[in-house]
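Asks: Please find one structure pasted underneath; my questions will follow.
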Amino acid sequence: MKKKKILKIVIPIAVVLVIIVAVTLNNAAKTGQQMAEAMAVEGITAETGDVMETVETNGTVISGEQKAIFSPVNASVEQADFQVGDLVKAGDQLVTFGLKDLEEQNQKAELTVRAGELGYEDSISQSNKAASRQAEARNKAAQLQAQVNAKEQQVANLTSALAGEASAQEASRQQEEKNLNEQISKLQQQLKTAEEETKSSQKAYDKAVANQQTAQVNFDAAAAMAENDPPKLEAAREALNKANKELADTKKINEAAQQVKADLEQQIEALQGTVLAPGAESSESGLQQQLQTAQAELAELKGNLESQKALAEGDSGALSSAAREQMRTNNNLAELESKSLEELISEGKKGIVAGFDGVISDKQIMEGAMVTQGMQLFTLQSIEDVNVEVTLSKNVYAKVKEGQKAEITLAGQTYQGTVKRISRIAVDGAAGTNQAAVSSASVMATIHIDNPDENIFLGVDAKVKIQAAEAKDVVILPIEAVNIGKDGTFCWISKDGILTKRSITTGVTSDECAEITQGLDEGEVVIPDPGNHEEGDAITVAEKQDQGSEQAAE
């Protein structure tokens, strides 16, 4: 009886022990699973791919071509049925003219042209005379310089002779005489040429005199019979004008040639007077007198030389090439304004036709108003050549290059574009709706719209996305896996099961991913989100599945 009671007590104790062990093991398993789940983070593998960086900004639509239209005639405006902001097509008739008063206006323009021509001819004549005087002064200055050089040599020789160098003085005198004779010979050759030119210019002048007299006689005869033959009178007048001009030109040339000849004769005479005769007074008193005379002559020559240099180097009053061109251009403009009556009428009948598809941006005329030739009528801005002007901040302008492609969105339409121009001058405090661009040292850029259409409105705002940079077949990471700290850019990795920072360098970056140029190789696993873990925590990495894989797994 006693043994049975002990057995009954032992069996319940064993059962309790088994239950306790089972519960303990189950709790330990759950704890291990919870710890493993707490350590687990998702990882992604660095892969190679392509990435494109874009720069987004706002801008204003502007025309790439605008043309101010001017009136070709003096007339009244019969029709100008358009307003600022109207869209017109190439070939549209925009303006027609009334030509009633055109003849009177044209006659006035012809008189203006004639006055301009006469003024131009007179200015050219005065300019040529001034240029001739200056050229003559330069020639005289060169000749006087030669005389000054010779006289300075003479003074030096005389000074040397006074110092007792008699033999050297004689040699110097002979050399001086040789130099002077050479100069005289050269001047005589020039005189010979000048005499030939004088004879030639005299013949031309005499011929011009005869021609002018003949033309005068013909004109007087035609004037007497002007009522019977007006064309003949006009022809005689033109011939007389031409003969008068030829006479004036040949007279000027002849007078210039005569002056050159006289100047050369004077120079030869002056040089001949400076030649020292052999056996001249060699005593000290005689040399001293020669020296004083030579010094006086040298001072006079230098004075004349400075006068001629001042005239040669000063403002001659001659017209510059730019002034001549300006006068010629003004005359050409006046001549264009004075087209013949037939030409003006023909131009007036054509009216104004739109040269390209565009928008009227400025109108300065009204129907019934009088317009003058060359008056601005209106401005036409092209919608075939259209740009968007944008502002780039200092943070992004270096990424934008001419020739890069862009996407432009305006009024719900999307267009393709190309970066056409980047200003090389930064603008402080540039205005705009793009907050990134509203900063100091902003840069203006022009984006050309490659495929414009009739839906484009000038002056409206547009959104622009520029394809700034592109990298192909490079190591990339999703943008959420790239972090920026105080020490630079980094990503999270698992090193021996420990959460660790890895410094990296990024390149081209888009909204979705970034190029990794340094610090990471293809195939390495990166932790985009370490969750509540901190650097140094023990972790286990499970590679993150993409959306397609998760859907396939489901």
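The values are calculated or read from the model by the stated rules, or taken from the named source; none is laboratory data. Here the structure is a predicted model, which is why all the values come from computation and not from measurement. Please note: Cβ atoms are built from the backbone with ideal geometry, for glycine as well, and neighbour counts cover all protein chains shown. Side chains included, ligands, DNA and RNA excluded: accessible areas come from the protein's heavy atoms. Shrake-Rupley method; radii C 1.70, N 1.55, O 1.52, S 1.80 Å.
Asks: Can you name every residue in region 187-216 that is touching a residue at least 60 places away in the same chain (Cβ under 8 Å) and among the β-branched types (Val, Ile, Thr)?
Replies: Within region 187-216, THR198 is the sole residue that qualifies.
Asks: Let me ask another. Restricting attention to region 145-169, which residues are aliphatic (A, V, I, L, M) and at pLDDT below 85?
Replies: Within region 145-169, LEU158, ALA161, LEU162, ALA163, ALA166, ALA168 meet the criteria.
Asks: If I ask for residues that are surrounded by fewer than 14 Cβ atoms within 10 Å (Cβ to Cβ) and touching a Lys or Arg at 6+ places or on another chain (Cβ under 9 Å), which ones from region 467-501 would you list?
Replies: Answer for region 467-501, where residues must be surrounded by fewer than 14 Cβ atoms within 10 Å (Cβ to Cβ) and touching a Lys or Arg at 6+ places or on another chain (Cβ under 9 Å): GLY485, ASP487, LYS495.
Per-residue answers, yes or no, for (1) of a type in the set (Lys, Arg); (2) modelled with pLDDT of 75 or more; (3) outside any helix (DSSP H, G or I); (4) loosely packed, with under 10 Cβ neighbours inside 10 Å:
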position: LYS3; (1), (2), (3), (4): yes, no, no, yes
position: LEU7; (1), (2), (3), (4): no, no, no, yes
position: ALA38; (1), (2), (3), (4): no, no, no, no
position: GLU53; (1), (2), (3), (4): no, yes, yes, no
position: ILE62; (1), (2), (3), (4): no, yes, yes, no
position: LYS67; (1), (2), (3), (4): yes, yes, yes, no
position: PRO72; (1), (2), (3), (4): no, yes, yes, no
position: LEU94; (1), (2), (3), (4): no, yes, yes, no
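Asks: I want to confirm something. Restricting to region 507-537 and keeping residues that are of a type outside the set (Val, Ile, Thr) and outside any loop (DSSP other than H, G, I, E, B), which single residue is least open to solvent (accessible area, probe 1.4 Å)?
Replies: Filtering first and then ranking leaves ALA514.
Asks: Of the numbered conditions (1) of a type in the set (Ser, Thr, Tyr); (2) modelled with pLDDT of 90 or more; (3) more than 50 Å from the chain's Cα centre (by Cα), THR250 satisfies every one except a single condition; which is it?
Replies: Among (1) of a type in the set (Ser, Thr, Tyr); (2) modelled with pLDDT of 90 or more; (3) more than 50 Å from the chain's Cα centre (by Cα), THR250 violates only (3).
Asks: Same structure again: In contact (Cβ under 8 Å) with a residue 40 or more places away in the chain and farther than 12 Å from GLN212 by Cα: does that describe THR274?
Replies: yes
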